[in-house]
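Participant: Structure incoming, see below.
The values are calculated or read from the model by the stated rules, or taken from the named source; none is laboratory data. All values derive from a computational prediction rather than experimental measurement. All Cβ positions, even for glycine, are placed from backbone atoms using ideal geometry, and neighbour counts span all protein chains on display.
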Amino acid sequence: MAKLTFQEEECKGCGLCVHACPKGLLSLSVQRLNKKGHTPVELTKPEDCTGCASCATMCPDCVITVEK
Amino acid sequence: MSEKVLMKGNEAMAEAAIRCGCRHYFGYPITPQTEVAAYMAKRMPKIGGVFLQAESEIAAINMVYGVASTGKSAMTSSSSPGIALKCEGISYLAGADLPAVIVNVPRGGPGLGGIQPSQSDYFLATRGPGHGDFHVVVLSPASVQEMADLTVKAFELAHRYRMPAMILADGTMGQMMEPVVLPEGKPIEVDASDWAAVGTEGKRKHHVISSLYLQPEVLEKYNFERYERYEKVKENETAWEEYQMEDAEICVVAHGITARIARNAIVMARAEGIKVGMIRPITLWPFPEKALAAAADKVNSFVCVEMNMGQMKEDVELAIRCRKPVSLCRRVGGMIPTSEEVLEQLRAAAKGGEQK
Amino acid sequence: MIVFEKPKALTDVPLHYCPGCTHGIIHRLVAQAIDNLGIEGRTIGIAPVGCAVMAYDYFACDMIEAAHGRAPAVATGVKRAMPESIVFSYQGDGDLASIGLCETVSTAARGENITVIFVNNAIYGMTGGQMAPTSLPGQVTQTSPYGRDVATQGYPIKICELLATLEAPAYLERVAVNNVKNVNRAKKAIEKAFRNQVEGKGFSLVEVVSACPTNWGMEPQQALDWVQDKMIPYYPLGVYRDKEV
């Protein structure tokens with residue numbers, strides 16, 4: 001199973017990863033803000049993630065580490 | 001190595017740069033300094049050095065900035081309009097505390113002006129040639145020998161104080177042929193390992209060469225530190241030559257070619273019983289303020305001889321705090337004052353006359 | 001096993017760029033190329049004036065901050081002083097295609113063995129969104145508030161096409177970073193542009209068509225769509241010079 005790790009404090013909530021995910025597994029938080037005041041990205045169904053790294057590929061801030 | 005050779009000033013300067021280890025020259029043709037580029041073009045490929053004719057003066061000074069960032073000696077040369085273009089790069093060199101040598105063989109201006117000799121870049125050179133608070137060391141040679149010697153000095157000072165140095169020659173010095181003893185071929189040794197951008201080799205944190213400091217308190221701090229360094233340059237490196245000042249009642253102040261002309265006029269004036277001496281600044285920045293202030297205690301008046309509208313005269317008046325009258329013998333636009341014209345001014349000064 | 005992480009050639013300093021700014025992607029691609037080729041220790045980067053001015057804080061190799069537009073000249077000086085080093089400049093459209101166009105063309109014409117990363121986002125970002133040499137006809141910016149009028153403000157400069165008229169360049173390619181597929185292509189191009197230098201092939205430039213959501217006044221994803229719909233048709237992606245082929 002793939003594992004995503006988020007450097008949440010570096011996330012600017014731009015949402016490019018959300019759009020990049022082919023399975024639509026990512027979304028921006030609606031409840032939480034990080035220290036910079038952005039809504040950080042969250043993985044909704046970790047069990048469905050294939051570790052394709054599309055999200056990390058589009059992330060401008062190297063927030064996402066992908067393990068398989 | 002003490003053999004005398006007959007050389008043009010511009011070529012002596014280029015050869016001296018090579019002998020003290022400069023292997024990187026970037027230039028763009030402009031009269032009256034093109035011999036420097038031509039000489040470098042001939043010599044550099046033979047000794048494993050780099051000669052590159054840049055696409056502009058702006059590119060040339062930025063290539064110098066690139067080499068200087070690696071801690072190596074680099075040089076560029078130009079004449080007034082080209083130096084104006086280089087001012088941006090000179091400011092960046094100063095702001096990033098990089099060593100470099102810039103040769104200016106000025107011509108009459110403003111604008112395209114002419115191609116005859118001039119000293120009208122005095123302000124440009126001594127006030128910090130570019131935007132922001134900074135200075136460059138400014139050296140003024142008065143012989144072909146000094147064209148060579150002061151080139152070596154310029155590299156030494158640039159590296160020692162990590163700042164740009166400018167040789168402010170003029171067309172006559174550049175074109176004049178005189179016997180010269182070239183300096184020994186001893187490269188200037190510099191240790192730039194704690195700041196130069198030469199690659200980390202994976203062994204240290206990266207070095208950053210920059211003049212950008214967005215936090216005002218940091219930028220202020222670097223400006224203050226730089227000016228403390230300038231005070232050391234003033235203290236240690238101010239250079240001038242005194243001529244017949246022992247009993248002088250009038251002090252001529254002149255640099256470069258006009259100092260040579262003034263020297264003839266002083267001999268003529270002394271033959272008429274007028275006691276004249278001369279202080280010849282060799283460094284225009286730092287300016288020999290103390291020597292002039294001391295002279296002001298002894299002489300009755302000063303006479304500046306300049307090939308501009310009286311730019312250095314302001315520095316003389318400042319140095320002596322206007323305690324004594326300062327008159328001016330000037331020619332501009334590429335015209336060179338004659339010894340007779342200087343003598344006229346000395347006679348007028350002896351009578352307590354005013355500036356003509 | 002880690003399949004994707006922040007490259008070593010980037011420092012830990014958080015990027016100052018706006019949310020969704022593609023400079024971050026391009027920085028990462030450069031750093032990945034440096035990592036993959038194992039050249040960080042001998043690489044010297046030249047930062048521009050523009051949004052990427054502080055790139056010197058982000059790349060872990062030695063860095064030099066150049067005056068506006070002068071990065072290719074500074075890179076030339078560094079490369080000539082240290083021929084064994086790997087030298088790259090990272091420049092935006094105002095820097096490379098306007099104020100520094102002379103340096104760009106001349107450095108390319110000399111075939112200087114350096115790598116140039118050219119970020120074309122059709123606007124001056126750092127100064128707040130003014131018309132760039134690459135702004136599209138009709139594009140509204142702070143200094144073309146009625147849209148870029150080609151009758152008075154001329155046409156955009158197509159850098160790859162322009163440089164392809166020169167003899168010397170070894171490699172010129174235009175890529176984009178608006179979707180996963182294009183980012184992966186851009187990654188290959190940037191790595192090739194560095195590898196060319198390692199192999200002594202000469203001047204390599206990669207133009208990266210990118211987005212400026214803030215100054216375009218768009219959401220980040222909307223900006224990437226605008227790259228696809230408006231930018232790429234005007235700036236066709238592809239290889240404009242490859243001396244290997």
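Participant: Could you name every one of the strands (runs of 3 or more DSSP E) located completely within chain A that has at least 1 residues being surrounded by fewer than 21 Cβ atoms within 10 Å (Cβ to Cβ) and within 11 Å of chain C (Cβ to nearest Cβ)?
Facilitator: A:3-6, A:26-28, A:64-67
Participant: Scan the stretch C:9-29 and tell me whether some residue there is touching a strand residue (DSSP E or B) at 6+ places or on another chain (Cβ under 6 Å), touching a residue at least 40 places away in the same chain (Cβ under 8 Å) and under 25 Å from C:SER135 (Cβ atoms).
Facilitator: The answer is yes, given that some residue of the stretch C:9-29 is touching a strand residue (DSSP E or B) at 6+ places or on another chain (Cβ under 6 Å), touching a residue at least 40 places away in the same chain (Cβ under 8 Å) and under 25 Å from C:SER135 (Cβ atoms).
Residue by residue, here is whether (1) within 18 Å of B:PRO141 (Cα to Cα); (2) surrounded by 15 or more Cβ atoms within 10 Å (Cβ to Cβ) holds:
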{"site": "B:VAL276", "(1), (2)": "no, yes"}
{"site": "B:TRP285", "(1), (2)": "yes, yes"}
{"site": "B:ALA295", "(1), (2)": "no, yes"}
{"site": "B:ALA349", "(1), (2)": "no, yes"}
{"site": "B:GLY352", "(1), (2)": "no, no"}
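Participant: Report the residue count in the stretch B:100-136 for those that are within 21 Å of B:ALA12 (Cβ to Cβ) and either part of a strand (DSSP E or B) or free of Cβ contacts under 8 Å to residues at least 12 places away in the same chain (or both).
Facilitator: Count: 7.
Participant: Name the residue that is farthest from B:GLN175 (Cα to Cα), counting only residues in the stretch B:1-47 that are in contact (Cβ under 8 Å) with a residue 60 or more places away in the chain and within 14 Å of chain C (Cβ to nearest Cβ).
Facilitator: B:GLY21
Participant: What pairs can you find where one residue is in the stretch A:54-66 and under 10 Å from A:CYS11 (Cβ atoms), the other is modelled with pLDDT of 95 or more and part of a helix (DSSP H, G or I), and their Cβ atoms are less than 7 Å apart, with a gap of 6+ or different chains?
Facilitator: A:CYS59/A:LEU16; A:CYS59/A:CYS17; A:ASP61/A:GLU10; A:ASP61/C:GLY24; A:VAL63/A:GLU10; A:ILE64/A:CYS17; A:ILE64/A:CYS55; A:ILE64/A:ALA56
Participant: So which residues in the stretch A:1-56 are of a type in the set (Lys, Arg) and more than 14 Å from C:PHE4 (Cα to Cα)?
Facilitator: A:LYS12, A:LYS23, A:ARG32, A:LYS35, A:LYS36, A:LYS45
Participant: Quick check on C:PHE4: is it without any contact (Cβ under 8 Å) to a residue 60 or more places away in the chain and either surrounded by 24 or more Cβ atoms within 10 Å (Cβ to Cβ) or away from chain A (no Cβ under 14 Å) (or both)? Give the steps one after another, and end with the answer.
Facilitator: Details: without any contact (Cβ under 8 Å) to a residue 60 or more places away in the chain: yes; either surrounded by 24 or more Cβ atoms within 10 Å (Cβ to Cβ) or away from chain A (no Cβ under 14 Å) (or both): no.
No: the conditions fail for C:PHE4.
Participant: Identify the single condition in (1) closer than 30 Å to B:SER140 by Cα; (2) within 14 Å of another protein chain (Cβ to nearest Cβ) that B:ALA248 does not satisfy, given that it satisfies every other one.
Facilitator: All conditions are met except number (2).
Participant: OK, next. Find the residue count for the stretch C:47-58, including only residues that are more than 19 Å from C:ASN121 (Cβ to Cβ) and either among the basic types (Lys, Arg) or more than 7 Å from every other protein chain (Cβ to nearest Cβ) (or both). Talk me through it step by step, then tell me what you get.
Facilitator: First pass over the stretch C:47-58, keeping only residues more than 19 Å from C:ASN121 (Cβ to Cβ): C:56-57.
Next, from what is left, pick out any that are either among the basic types (Lys, Arg) or more than 7 Å from every other protein chain (Cβ to nearest Cβ) (or both): C:57.
Number satisfying all stated conditions: 1.
Participant: Scan the stretch B:302-318 for residues that are under 19 Å from the mean Cα position of the chain (by Cα), surrounded by 21 or more Cβ atoms within 10 Å (Cβ to Cβ) and of a type in the set (A, V, I, L, M) and report the count.
Facilitator: 4
Participant: Next up: For the subset of the stretch C:190-227 comprising residues that are polar (S, T, N, Q) and not in a strand (DSSP E or B), which member is nearest to A:CYS59 (Cα to Cα)?
Facilitator: C:GLN221
Participant: Quick check on the stretch C:12-32: of everything there that is of a type in the set (A, V, I, L, M) and facing another protein chain (nearest Cβ under 7 Å), which residue is nearest to C:ALA189 (Cα to Cα)? It would help to see each step written out before you state the result.
Facilitator: From the stretch C:12-32, those of a type in the set (A, V, I, L, M) are C:13, C:15, C:25-26, C:29-31; that's our starting set.
Next cut, facing another protein chain (nearest Cβ under 7 Å) only: C:15, C:25.
Details: C:LEU15: 23, C:ILE25: 14 Å.
Here the answer is C:ILE25.
Participant: Based on this model, can you work out whether C:GLY69 counts as over 30 Å from C:GLN153 (Cα atoms), facing chain B (nearest Cβ under 9 Å) and either within 15 Å of the chain's Cα centre (by Cα) or surrounded by 23 or more Cβ atoms within 10 Å (Cβ to Cβ) (or both)?
Facilitator: Criteria not met by C:GLY69.
Participant: Check whether at least one residue in the stretch B:64-79 is out of contact with any strand residue (DSSP E or B) (no Cβ under 7 Å at 6 or more places or on another chain), free of Cβ contacts under 8 Å to residues at least 60 places away in the same chain, farther than 28 Å from C:ASP62 by Cβ and away from every other protein chain (no Cβ under 14 Å), and report yes or no.
Facilitator: Within the stretch B:64-79, none of the residues are out of contact with any strand residue (DSSP E or B) (no Cβ under 7 Å at 6 or more places or on another chain), free of Cβ contacts under 8 Å to residues at least 60 places away in the same chain, farther than 28 Å from C:ASP62 by Cβ and away from every other protein chain (no Cβ under 14 Å).
Participant: Check C:LYS230, C:LYS187 and return the single one that is among the charged types (D, E, K, R), within 14 Å of another protein chain (Cβ to nearest Cβ) and not in a strand (DSSP E or B).
Facilitator: Working: C:LYS230 fails: within 14 Å of another protein chain (Cβ to nearest Cβ).
Selected residue: C:LYS187, the only one of C:LYS230, C:LYS187 that is among the charged types (D, E, K, R), within 14 Å of another protein chain (Cβ to nearest Cβ) and not in a strand (DSSP E or B).
Participant: Now for a different question. Considering the stretch B:154-211 alone, what residues qualify as being away from chain C (no Cβ under 14 Å) and aromatic (Phe, Trp, Tyr)?
Facilitator: Within the stretch B:154-211, B:PHE155, B:TYR161 meet the criteria.
Participant: Exactly one of these conditions fails for C:ILE99: (1) surrounded by fewer than 24 Cβ atoms within 10 Å (Cβ to Cβ); (2) more than 11 Å from chain B (Cβ to nearest Cβ). Give me its number.
Facilitator: Going through the list (1) surrounded by fewer than 24 Cβ atoms within 10 Å (Cβ to Cβ); (2) more than 11 Å from chain B (Cβ to nearest Cβ), C:ILE99 breaks only (2).
Participant: Another question, then. Please tell me if C:ILE114 is closer than 23 Å to C:GLY202 by Cβ and more than 10 Å from chain B (Cβ to nearest Cβ).
Facilitator: The answer is yes for C:ILE114.
Participant: Let me ask something additional. Restricting attention to the stretch B:72-99, report how many residues are touching a Ser or Thr at 6+ places or on another chain (Cβ under 8 Å), outside any helix (DSSP H, G or I) and surrounded by fewer than 24 Cβ atoms within 10 Å (Cβ to Cβ).
Facilitator: Selection size over the stretch B:72-99: 1.
Participant: Being closer than 25 Å to A:LEU16 by Cβ, more than 14 Å from chain A (Cβ to nearest Cβ) and in contact with a helix residue (DSSP H, G or I) (Cβ under 9 Å, 6 or more places away or on another chain) narrows it down to one of C:GLY202, C:GLY238, so name that one.
Facilitator: Matching residue, one of C:GLY202, C:GLY238: C:GLY238.
Participant: Identify, by number, the condition in (1) surrounded by fewer than 20 Cβ atoms within 10 Å (Cβ to Cβ); (2) within 14 Å of chain A (Cβ to nearest Cβ) that C:ALA9 doesn't meet.
Facilitator: Every listed condition holds for C:ALA9 apart from (1).
Participant: Give C:GLU173, C:GLU219, C:GLU207 a once-over and let me know the one that is surrounded by fewer than 21 Cβ atoms within 10 Å (Cβ to Cβ) and charged (D, E, K, R).
Facilitator: Of C:GLU173, C:GLU219, C:GLU207, the one residue that is surrounded by fewer than 21 Cβ atoms within 10 Å (Cβ to Cβ) and charged (D, E, K, R) is C:GLU219.
Participant: Condition first: surrounded by fewer than 21 Cβ atoms within 10 Å (Cβ to Cβ), free of Cβ contacts under 8 Å to residues at least 60 places away in the same chain and touching a Ser or Thr at 6+ places or on another chain (Cβ under 7 Å). Now tell me which residues in the stretch C:103-132 satisfy that.
Facilitator: Result: C:GLN130, single match.
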